[in-house]
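Readers should treat all values here as calculations from the given coordinates under stated rules, not as data from a laboratory. None of these values were measured; they are calculated from a predicted model. Here the Cβ positions follow ideal geometry from the backbone for every residue, glycine too, while neighbour counts run over all protein chains shown.
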Amino acid sequence: MSAVSVLFRRELRLALRQSADSVMVIAFFVIAVVLFPFGVGPEPNMLARIGPGVIWVCALLAAMLSMERMFLGDYEDGSLELLVLSPVALELVVCIKVAVHWLTTGVPLICAAPLLFVMMNVPEEIWPVLLWSLLLGTPVLSLIGSVGAALILGARRGGVLLSLLVLPLVIPVLIFAAGAGDAVLFGDGAKANLMLLGGILLGSLALTPWATAQAIREAVA
Amino acid sequence: MAEFSGQDIDCIRGERRVLSGTGFSLQSGHALILRGANGAGKSTLLRLMAGLMRPHGGRISWDGTDIADDPAEHNRRIVYVGHADAVKPALSVIENASFWAELAAGSGMTASEALDVLGISHLAELPARYLSAGQRRRVSLCRALTSGAQLWLLDEPSTALDADTTEALRKTIEGHLASGGMTAISTHADMGLAAAATLTLGPASGVAA
């Protein structure tokens, strides 16, 4: 069996055995969105107007919660330095970890989103576009988050530092993703927004594994 | 007949010179025992040998080629068992052991054979969170047995092990050396290995042959 599938199955198994982490991310996502009608008032048009943006910001913050753990457990128990010494290229190890992170946090976020569309009175005609934006945007969060998660290894108060590092970098994702819904409502079509999101995804897929791998090498040295 | 050697190794950690002009040489079938007081640089030298860190001066080479030239090739030759156990509490003992065995895909023992040698085969299905310190150490040592690597880098392997397991470990290391392997071990206890040279690290690091 190839080393890649061995590593992938181990990561997935660990994530599923510790599935409370994923459940908490989703619970945070739902609760954070639910707070908005209480804060801004339950006026349906207002909720529909702010809905896509609110859902995206909350998805972003929810994803941040789980990012810190991406490498921290392996760093603390010594597995990370052994993975650096393993026959699998470290960049590939990073890709596998990011993929599992997305499968266990990004995908559940996408699954929970329709419930929140209903709650925020998001117009039905922009549901598909928003789901597409989540599908293209959440892997970017995992990829950019992996760089931050590797850079904070060994730092005190890493979680706060991680937010400071990663949140400014994902602003473009937020702009194009939340804007995709508006684009449909204003009759422009969301194609441009989604293609830009796709571009960001491909760009970060090409660049971040190298940055993350280098940060890990520095951390274990 | 492979040769693993280092010359004039300098290493600085946290603005403190840990190793200065240290050298060693290790041939197939031989063991190198690293000794020295706490903080003398034993673990640092093992990490340098593993390629986890680069020396600030000097070179470490395998058959004359600097190990930094081809890290991937060096990774295939070595197995490193450090202070950290790398044992996942959420996985069972056999899952922990076979993950590293399958990842290394080497020609060593199977994971269950290694558990048997180290006397923890009866714990195979137990989640690793219930293990004692010595049992975790044994799971960690399984990696050396299953790796099939030529060079074993063991950082205080007998810590927390009982007398019987230490003896089993010694025999396993002897077997590894007899089959042409080599090992570098940092230890405070006497492992009683034949074919072992000792390198004492300290303020004046010597050169071991």
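Which of rounded, prolate, oblate describes chain B, given a ≥ b ≥ c as roots of the alpha-carbon gyration tensor eigenvalues and a/c under 1.5 marking rounded, otherwise prolate only if a/b is larger than b/c? Cα axes put chain B in the prolate bin. Put simply, the C-alpha atoms of the protein assembly as shown give a gyration tensor, and the ellipsoid matching it has half-axes of 50, 22, 17 Å, longest first. Averaged over the residues of A:83-93, the number of partner chain Cβ atoms lying within 10 Å of the residue Cβ comes to 4. Placing R0 at 30 angstrom, the Cβ-Cβ distance between B:Asp70 and A:Val4 gives a FRET efficiency of 0.90 after rounding to 0.05. For the pair B:Arg59 and B:His83, a Förster radius of 25 Å applied to the C-beta separation gives a FRET efficiency near 0.45, rounded to the nearest 0.05.
Working note: Karplus 6.51/-1.76/1.60 with θ = phi - 60° gives segment B:23-35 the couplings x, 7, 8, 9, 10, 3, x, 10, 10, 10, 9, 9, 10 Hz, where Gly and Pro are set to x. Residue ranges B:168-176, B:8-16 sort as B:168-176, B:8-16 when ordered by packing (mean number of other C-beta atoms within 10 Å per residue, highest first).
Look at the dipole of segment A:1-128 built from charges on Cβ: of A:Met24, A:Val57, A:Leu72, the Cα furthest out on the positive end belongs to A:Met24. With a simple spin-label model that places each label point 7 Å from the Cα along the Cα-to-Cβ direction, the separation between A:Val34 and B:Ala178 comes to 6.7 nm. Shielding by partners for peptide B:71-78, expressed as the average number of C-beta atoms from other protein chains within 10 Å of each residue's C-beta, is 2. Hey, with R₀ at 41 Å, roughly what FRET efficiency would A:Met195 and A:Arg156 work out to, going by the Cβ-Cβ distance, to 0.05? The value I calculate is 0.50.
Can you tell me the length gained on complete extension of the stretch B:Ala90 to B:Glu113, counting 0.36 nm per residue apart and subtracting the Cα distance? Value of the extension gain: 6.1 nm. Ordering B:Val93, A:Val122, A:Val23 from the fewest to the most neighbouring beta carbons within 10 Å gives A:Val23, A:Val122, B:Val93.
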